[in-house]
Amino acid sequence: MKNMEKKNDYTIASVQRALRILKLFDNQHKEMTLTEISNRADMRKGTMLRILETLRAEHFVRYDGRTKRYQLGVAIYMLSASAFSFNDLASVVRSYAESVTRELNLVAHLGVLQEDKIVLIDRVLPNSNFSVYDLYSIIGGEIEPHCTGVGKVISAFADPETRKRLLDTCSFARKSPNTITDRREYEMVLEKVRQQGYAVNVGENEEYLKCITYPIFDAKHEIMAALSLTGVIQCFTQELDDSCHKALRRITAQVSQEFGAGII
């Protein structure tokens, strides 16, 4: 009894093994044979087969008899949809962003990729009476990829096929004298965004506004959202610039971690 109290370990080894097996199905291993899974898990085939059959019975994995490969099942997607809805994401981000917007007197925008469209899902103002001239951002509205910070970050960190679809349907319309309207030039900008890890937009949509934008990643380190801080260009001193980067790095890292980044 004393040893049990000292150990205080409530983990169940069989459940832990099953969960670790599910984590093996990453971007590079979306489908695997029994042998491949056993080798990756360093587990005997007989034991692995029993675990996989249990997971299959509960729809956490599915088996393709034609290819003899396993992949994640519908139960995983049902759980992920329940756990990580856009409302949950917006709520988590808002809990961090509200104090920062008040402190820096800036507006926060949160955008996501939804069916090959970049959509604004939340906007956090410094206070209820705040207005930055005319803010054209509308919650639930579609965001152009080429002239917004959120659009740049999501486009830059999307997978190549998604990025191509975004740019193929982008209007590249001129919104201000600073708007990038050439696709090749914009693709070079996206490469720079990927290298530095964030985007800066100076008057490319509303010509009097500047925004700094950082990505939020999910458990597979795929882009799930982008968060920006926006204000009038003339207000951006070097000190405010530095404060924005510091705050956005902290918030996006914390939110990414809450949604599983670094776990898999």
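The values are calculated or read from the model by the stated rules, or taken from the named source; none is laboratory data. Here the structure is a predicted model, which is why all the values come from computation and not from measurement. Heads up, the Cβs are rebuilt from the backbone with ideal geometry, glycines too, and the neighbour counts pull from every protein chain shown. Heads up: the accessible areas ignore ligands, DNA and RNA and are worked out on the full protein's heavy atoms, side chains in. Shrake-Rupley method; radii C 1.70, N 1.55, O 1.52, S 1.80 Å.
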Given (1) assigned to a loop (DSSP other than H, G, I, E, B); (2) surrounded by 14 or more Cβ atoms within 10 Å (Cβ to Cβ), number of the condition ALA253 does not satisfy: (1)
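Would you say GLY140 is part of a loop (DSSP other than H, G, I, E, B), small (Gly, Ala, Ser) and either under 18 Å from the mean Cα position of the chain (by Cα) or at pLDDT 90 or above (or both)?
Details: part of a loop (DSSP other than H, G, I, E, B): yes; small (Gly, Ala, Ser): yes; either under 18 Å from the mean Cα position of the chain (by Cα) or at pLDDT 90 or above (or both): yes.
Considered against the rule, which asks whether it is part of a loop (DSSP other than H, G, I, E, B), small (Gly, Ala, Ser) and either under 18 Å from the mean Cα position of the chain (by Cα) or at pLDDT 90 or above (or both), GLY140 comes out as yes.
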Answer residue from the stretch 154-178, given it is surrounded by fewer than 17 Cβ atoms within 10 Å (Cβ to Cβ) and β-branched (Val, Ile, Thr) and is farthest from ILE143 (Cα to Cα) among those: THR162
Search result, residues across the stretch 15-33 that are open to solvent by 30 Å² or more (accessible area, probe 1.4 Å) and either touching a His at 6+ places or on another chain (Cβ under 6 Å) or assigned to a helix (DSSP H, G or I) (or both): VAL15, GLN16, ARG17, LEU19, ARG20, LYS23
Qualifying residues in the stretch 197-235 (those that are surrounded by 20 or more Cβ atoms within 10 Å (Cβ to Cβ) and in a loop (DSSP other than H, G, I, E, B)) - the one nearest to the chain's Cα centre (by Cα): TYR198
Residue match in the stretch 67-74 (condition: at pLDDT 90 or above, of a type outside the set (Ser, Thr, Tyr) and under 29 Å from GLN114 (Cβ atoms)): yes
Residues located in the stretch 144-162, provided they are in a helix (DSSP H, G or I) and either free of Cβ contacts under 8 Å to residues at least 12 places away in the same chain or of a type outside the set (Lys, Arg) (or both): GLY149, VAL150, GLY151, VAL153, ILE154, SER155, ALA156, PHE157, PRO160, GLU161, THR162
